[in-house]
1. Given the condition open to solvent by 50 Å² or more (accessible area, probe 1.4 Å), at pLDDT 85 or above and either hydrophobic (A, V, I, L, M, F, W, C) or in a helix (DSSP H, G or I) (or both), answer yes or no: does some residue in region 271-290 qualify?
2. Give me the pairs: first residue in region 4-21 and within 16 Å of the ligand (Cβ to nearest atom), second residue of a type in the set (D, E, K, R), beta-carbon distance under 8 Å, and six or more apart or on different chains, which are they?
3. For region 27-61, name all the residues that are open to solvent by less than 20 Å² (accessible area, probe 1.4 Å) and within 16 Å of the ligand (Cβ to nearest atom).
4. Is it the case that some residue within region 222-231 is open to solvent by 80 Å² or more (accessible area, probe 1.4 Å) and in a loop (DSSP other than H, G, I, E, B)?
5. Which count do you get for residues in region 168-207 that are farther than 21 Å from residue 313 by Cα, touching a residue at least 40 places away in the same chain (Cβ under 8 Å) and not hydroxyl-bearing (Ser, Thr, Tyr)?
6. Out of 180, 199, report the one residue that is in a strand (DSSP E or B) and more than 16 Å from the ligand (Cβ to nearest atom).
7. Can we say residue 118 is within 23 Å of residue 63 (Cα to Cα) and basic (Lys, Arg)?
8. Assess whether residue 63 counts as being under 21 Å from the mean Cα position of the chain (by Cα), basic (Lys, Arg) and within 15 Å of residue 6 (Cα to Cα).
Amino acid sequence: MEKGLISVDRWAEGSQAYFLTHLHADHTQGLSTAWSGGPLFCSRLSAKLLPFKFPGFDLSLLRVLDVGAWHSLSLLSPSSASETQVRVMPVDAHHCPGSVMYLFSGGFGSLLYTGDFRWEMTSEKANRSRDMLVKALNGSRVNTLYLDNTYCNPSYSFPSRRDAAQQVVDIIASHPEHHVIIGIDTLGKEDLLVHIARVLKIKIWVWPERLQTMHILGFDEIFTTKTSLARVRAVPRYSFTLDTLEGLNKMHPTIGIMPSGLPWASKPLDRNENFFDSLARSYYNKKANEVASKEERLHPEIYTVPYSDHSCFMELHEFVQLVQPINIRGIVSSSSCYIDPLCYFGRCSGVYETFQRVQHKGKERGKEHVRVVRAESSVKVNGLIDSTRKGRKCGTVQVSGGYMSRVSMSRRRRRGAKIMEDIYAD
Ligand SMILES: [Zn+2]
């Protein structure tokens with residue numbers, strides 16, 4: 001696929017079609033109310049939530065894609081001016097409301113961009129996604145897999161969200177006189193909160209903007225903004241600090257619960273540092289393969305529960321085996337726990353060999369060059385399956401891999417990719 005054609009979760013000028021996997025902030029950096037880069041493709045639910053996150057956004061740019069259906073984009077190659085087709089199918093990513101992965105197919109072969117995803121094969125919904133992918137791939141391998149490598153290390157092992165949710169319920173139930181705060185994002189973990197509310201038959205406090213989101217998602221009865229009605233409060237992750245917890249404890253005994261796939265813990269350096277960043281920093285300070293005690297606690301009143309909306313290592317492994325990629329790239333661009341998926345999955349299904357070849361080329365020339373299909377320009381979605389492949393021409397383009405190499409103390413500041421490279425299409 002040629003430079004300037006498609007971007008996923010990247011919003012700089014220069015692409016013809018923009019794809020949004022989900023609305024978490026690290027996937028929307030650069031997107032704003034005033035953004036007008038081009039047609040923005042997303043799931044139906046993301047299209048519903050987007051105007052709430054970006055009030056005044058030009059809705060005429062939105063292109064809704066139905067999950068599980070092929071959509072055909074007509075594109076024009078700038079070099080040959082010939083029309084070519086790219087097909088795309090969104091598949092539920094089971095990460096947060098509206099989240100999808102994208103399977104692209106065209107003269108370049110196939111490309112699968114997972115975005116953030118949880119691949120729980122114990123869940124019926126995830127099994128539906130599995131069937132969808134198997135059917136869409138129809139026995140072929142994915143040429144390039146862009147993988148959510150957040151927990152791409154064998155030391156990351158955690159239970160299903162259902163089991164982790166029960167752990168949260170048990171902690172709350174064993175503290176009947178305590179108030180409870182749970183750190184969450186502006187989107188996601190709804191199933192956890194709903195589970196708590198239903199099992200314990202309680203209402204849960206959320207902040208006013210979060211209540212609006214809950215209403216958009218159709219949760220009308222469970223959540224409230226009245227503190228007097230709820231001893232369990234879901235608070236923004238950024239406010240989940242030692243100061244907040246100690247302040248609350250001065251008024252009423254309060255415990256904090258952090259749902260996170262990061263099992264390691266250390267005390268925050270700063271009283272205002274949120275506990276989620278402490279977890280990430282702690283992991284970074286320990287080496288990736290160092291075994292840490294899961295009983296380690298940040299604070300006597302803090303419970304960390306391995307509830308994760310990202311896949312654990314075994315799930316990633318299962319996923320890679322399913323789609324049999326020829327090449328893999330991690331989508332986490334700057335992370336305290338960044339690990340190139342090739343470290344672990346490189347030898348799966350011949351990926352390693354291809355990677356070595358690409359790396360070798362990069363070393364030789366200072367830039368990576370690969371053979372791709374040229375395709376660019378105006379985009380339209382027909383919403384129909386179109387199996388025609390034309391305009392296939394191979395050329396040479398520059399790979400934009402630089403953004404993925406930086407390691408930062410903060411977790412996942414930005415993700416996304418301008419799809420301007422591909423592995424060997426032949
Ligand atoms: Zn996310």
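1. No: zero hits.
2. Note: pairs meeting the criteria are 9/415; 10/418; 19/9; 20/9; 21/9; 21/116.
3. Passing the criteria: 27, 28, 31, 42, 43, 46, 49, 50.
4. If we filter region 222-231 for residues that are open to solvent by 80 Å² or more (accessible area, probe 1.4 Å), which is where we start, we get 226, 228-229.
Those left that are additionally in a loop (DSSP other than H, G, I, E, B): 226.
Looking for residues that are open to solvent by 80 Å² or more (accessible area, probe 1.4 Å) and in a loop (DSSP other than H, G, I, E, B), one finds at least one in region 222-231, hence yes.
5. Start the filter on region 168-207 by keeping residues that are farther than 21 Å from residue 313 by Cα, which leaves 168-187, 190-207.
Next cut, touching a residue at least 40 places away in the same chain (Cβ under 8 Å) only: 168, 171-172, 175, 177-187, 190, 192-193.
Imposing the further condition that a residue be not hydroxyl-bearing (Ser, Thr, Tyr) reduces the set to 168, 171-172, 175, 177-185, 187, 190, 192-193.
Qualifying residue count for the region: 17.
6. Residue meeting the stated conditions: 180.
7. So residue 118 fails the test.
8. Against the criterion (under 21 Å from the mean Cα position of the chain (by Cα), basic (Lys, Arg) and within 15 Å of residue 6 (Cα to Cα)), residue 63 qualifies.
The values are calculated or read from the model by the stated rules, or taken from the named source; none is laboratory data. Keep in mind it's a predicted model, so treat the numbers as computed, not measured. Cβ coordinates were reconstructed from backbone atoms using ideal geometry, including for glycine residues, and neighbour counts include every protein chain displayed. Side chains are part of the model used for accessible areas, which takes the heavy atoms of the whole protein and leaves out ligands, DNA and RNA. Shrake-Rupley method; radii C 1.70, N 1.55, O 1.52, S 1.80 Å.
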